1. Within segment 112-124, does at least one residue satisfy the condition of being at pLDDT 95 or above and among the aromatic types (F, W, Y)?
2. Six or more apart or on different chains, Cβ under 6 Å: which pairs go from a residue in segment 121-139 that's farther than 13 Å from E48 by Cα to one that's of a type in the set (A, V, I, L, M, F, W, C) and not in a helix (DSSP H, G or I)? Could you list them?
3. Can you confirm whether F57 is more than 24 Å from A214 (Cα to Cα) and either of a type in the set (A, V, I, L, M) or surrounded by 15 or more Cβ atoms within 10 Å (Cβ to Cβ) (or both)?
4. Could you list, in sequence order, the residues of segment 29-43 that are out of contact with any strand residue (DSSP E or B) (no Cβ under 8 Å at 6 or more places or on another chain) and open to solvent by 60 Å² or more (accessible area, probe 1.4 Å)?
5. Only one of these conditions is not met by S50: (1) open to solvent by 60 Å² or more (accessible area, probe 1.4 Å); (2) free of Cβ contacts under 8 Å to residues at least 24 places away in the same chain. Which number is it?
6. Residues that are open to solvent by 20 Å² or more (accessible area, probe 1.4 Å): find the strands (runs of 3 or more DSSP E) completely inside segment 69-188 holding 2 or more of those.
7. Restricting the search to segment 76-102, which residues are under 13 Å from the mean Cα position of the chain (by Cα) and over 17 Å from L7 (Cα atoms)?
8. Look at L7 and say whether it is buried (at least 16 other Cβ atoms within 10 Å of the Cβ), of a type in the set (A, V, I, L, M) and under 14 Å from the mean Cα position of the chain (by Cα).
Amino acid sequence: MRSRIVLLHATPVAMTPIHTAFNEVWPEAETVNLLDDGLSLDRAREAELSPALTERFVRLGRYAYDMQAQGILITCSAFGPAIDKLAAALPIPVLKPNEAMFHQALAQGKNIGMLATFGPAVETMTEEFNDYVKQHHSSARLTTVLVDKAIDLLKQGDAESHNRLVAERAQDLAGCDVIMLAHFSTSRAAVSVRQQVSVPVLTAPHAAVQQMKARIAGKE
């Protein structure tokens with residue numbers, strides 16, 4: 001039987017990048033989409049992730065489990081504490097969008113840069129990165145550049161302008177050992193960013209699919 005992986009989305013702009021990654025890394029998996037784009041809208045209105053929004057997120061994750069999911073992959077990076085709560089509640093792998101990318105980044109060096117486009121995700125991602133660094137006894141540090149307006153353009157269907165804005169800010173991080181593109185949606189800009197800098201540029205979707213495949217196979 002094919003492994004059923006539920007992709008839990010809080011915005012539709014994350015969907016194409018993760019499906020591309022599955023097609024290239026693990027085409028045998030059966031992927032099912034579960035989208036509540038109101039999550040990202042409501043998260044953008046909160047300075048911090050509220051208990052009410054956390055519970056709503058967890059309920060959606062439990063529904064994904066009810067769909068006979070063998071694994072759940074979250075594609076939005078603004079819900080770290082809610083993902084932790086969901087993972088603790090379910091007996092299947094529940095993966096954050098960026099943990100696998102963090103692992104790859106630390107293998108490249110200690111001066112890590114990150115290009116982000118969704119402001120509410122930066123705080124939770126920074127906390128996750130710092131926790132990951134601490135757990136792995138690393139002295140790596142993170143420098144984040146927030147690219148204003150890029151995600152709004154992407155939501156309007158203007159991927160070209162999104163990619164251009166992200167790439168224009170890449171030079172701000174050219175002195176880093178490696179640059180991470182923070183969100184699944186940002187991975188669209190990878191080619192444009194790599195044209196601007198000589199350091200490695202990492203994207204989250206492919207790393208996440210590789211990690212999920214290994215978890216399901218029992219190799220991690």
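The values are calculated or read from the model by the stated rules, or taken from the named source; none is laboratory data. Predicted model, so just to flag it, every value in this text is computed and none were measured. Virtual Cβ from ideal backbone geometry, glycine too; neighbours counted across all protein chains shown. Protein only, heavy atoms only, side chains kept; ligands, DNA and RNA dropped before computing areas. Shrake-Rupley method; radii C 1.70, N 1.55, O 1.52, S 1.80 Å.
1. No, there is no match, as no residue in segment 112-124 is at pLDDT 95 or above and among the aromatic types (F, W, Y).
2. These pairs meet every condition: F129/L142; V133/A140.
3. Numbers: more than 24 Å from A214 (Cα to Cα): yes; either of a type in the set (A, V, I, L, M) or surrounded by 15 or more Cβ atoms within 10 Å (Cβ to Cβ) (or both): yes.
Taking the combined requirement at face value, the residue satisfies it.
4. First, the residues of segment 29-43 that are out of contact with any strand residue (DSSP E or B) (no Cβ under 8 Å at 6 or more places or on another chain): 38-43.
Correct list: L41 only.
5. Evaluating S50 over (1) open to solvent by 60 Å² or more (accessible area, probe 1.4 Å); (2) free of Cβ contacts under 8 Å to residues at least 24 places away in the same chain leaves (1) as the failure.
6. Details: elements: 71-74, 111-116, 141-146, 178-181.
Output list reads 141-146.
7. Those that are under 13 Å from the mean Cα position of the chain (by Cα) and over 17 Å from L7 (Cα atoms): M101, F102.
8. Numbers: buried (at least 16 other Cβ atoms within 10 Å of the Cβ): yes; of a type in the set (A, V, I, L, M): yes; under 14 Å from the mean Cα position of the chain (by Cα): yes.
Taking the combined requirement at face value, the residue satisfies it.
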